[in-house]
Amino acid sequence: MGIFDDLFLLRAFVSLVENGSISAAARSLRLPQPTIRRHLASLKEKCGAALLRRDTHSMSLTEAGHRLLSDAKAMLLLAEESEQRMRHKQQTLKGHIRMFATIDFGQSVVSRLIASFIQDNPAVTVRRVRRC
């Protein structure tokens, strides 16, 4: 398994950097601190390089950490955008509606409702059914 195979490892790394500490990253991701530590250790092993320099009071990124952070943010953003597009596609209405309404009711109420509905759902078409 490669560095970029597990988005959760990348999410843990980005959260750590953005939040400034393991405890804050754990709270942000709603995970226990040991889980975040394991994710970071796994990511370090997969990269084959140190990503962070830590001492008792601060943390900073190594050069490899800076590169990984940039790539990880881009990949996470792309994954999130893709997920949103997929959700939107599944929620999009499409099809054809045939309807009938009296002239008065159709002109006063239905036409405004249909216009608004079509604007919100461009993949839907409406056809008026003529009464013989």
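The values are calculated or read from the model by the stated rules, or taken from the named source; none is laboratory data. Nothing here was measured: the structure is a model prediction, and the numbers come from that model. Backbone-built Cβ (ideal geometry, glycine too); neighbour counts: all protein chains shown. Remember, those area values only see protein heavy atoms, side chains included, never the ligands or the DNA or RNA. Shrake-Rupley method; radii C 1.70, N 1.55, O 1.52, S 1.80 Å.
Residues Val109, Val124 ordered from highest to lowest accessible area at a 1.4 Å probe: Val109, Val124. With respect to the chain, whose longest principal axis is taken over its alpha-carbon atoms, helix 111-120 is tilted by about 20°. Surface exposure of the range 17-125, expressed per residue as accessible area with a 1.4 Å probe, stands at 75 Å².
For Leu61, the residues 5 or more places off, or on other chains, whose built amide H falls under 5 Å of its own are Arg53. Report, to the nearest 10°, how far helix 33-47 tilts away from the longest principal axis of the Cα atoms in the chain, using its own Cα long axis and a range of 0 to 90°. So the inclination is approximately 80 degrees. Each residue was assigned an accessible area with a 1.4 Å probe, and for Lys46 the value is about 60 Å². Around the amide H of Val124, modelled in the peptide plane, lie the amide H atoms of Gly95, all under 5 Å away and 5 or more residues distant in sequence or on another chain. Computed from these coordinates, which is P(r) over Cα pairs in 10 Å bins from 0, in percent: (1) 13, 46, 35, 5; (2) 11, 29, 17, 9, 12, 12, 8, 2, 0; (3) 13, 51, 32, 3? Here the calculated entry is (2). The distance linking the range 74-132 with the range 52-71 is 49 Å (Cα centroid to Cα centroid, whole angstrom). Against the longest alpha carbon principal axis of the chain, how many degrees, from 0 to 90 and to the nearest 10, is the axis of helix 63-91 turned? Helix 63-91 sits at roughly 20 degrees to that axis. Derived scalar couplings between HN and Hα for the range 17-32 equal 5, 5, 8, x, 7, 5, 5, 5, 5, 4, 4, 4, 8, 6, 10, x Hz in order, rounded to whole Hz, by the Karplus curve 6.51 cos²θ - 1.76 cosθ + 1.60 (θ = phi - 60°), x for Gly and Pro.
Comparing mean-square fluctuations of Arg87, Arg11, Arg112 from a GNM of the chain with C-alpha springs under 10 Å, the top value falls on Arg112. The chymotrypsin sites (Phe, Trp or Tyr not before Pro) of the range 41-117 meeting both criteria, a DSSP state outside H, G, I, E and B (loop) and at most 14 other C-beta atoms within 10 angstrom of the site's C-beta, are Phe100. Of Asp55, Asp104, the residue with the largest accessible area leads and the full order is Asp104, Asp55 (1.4 Å probe).
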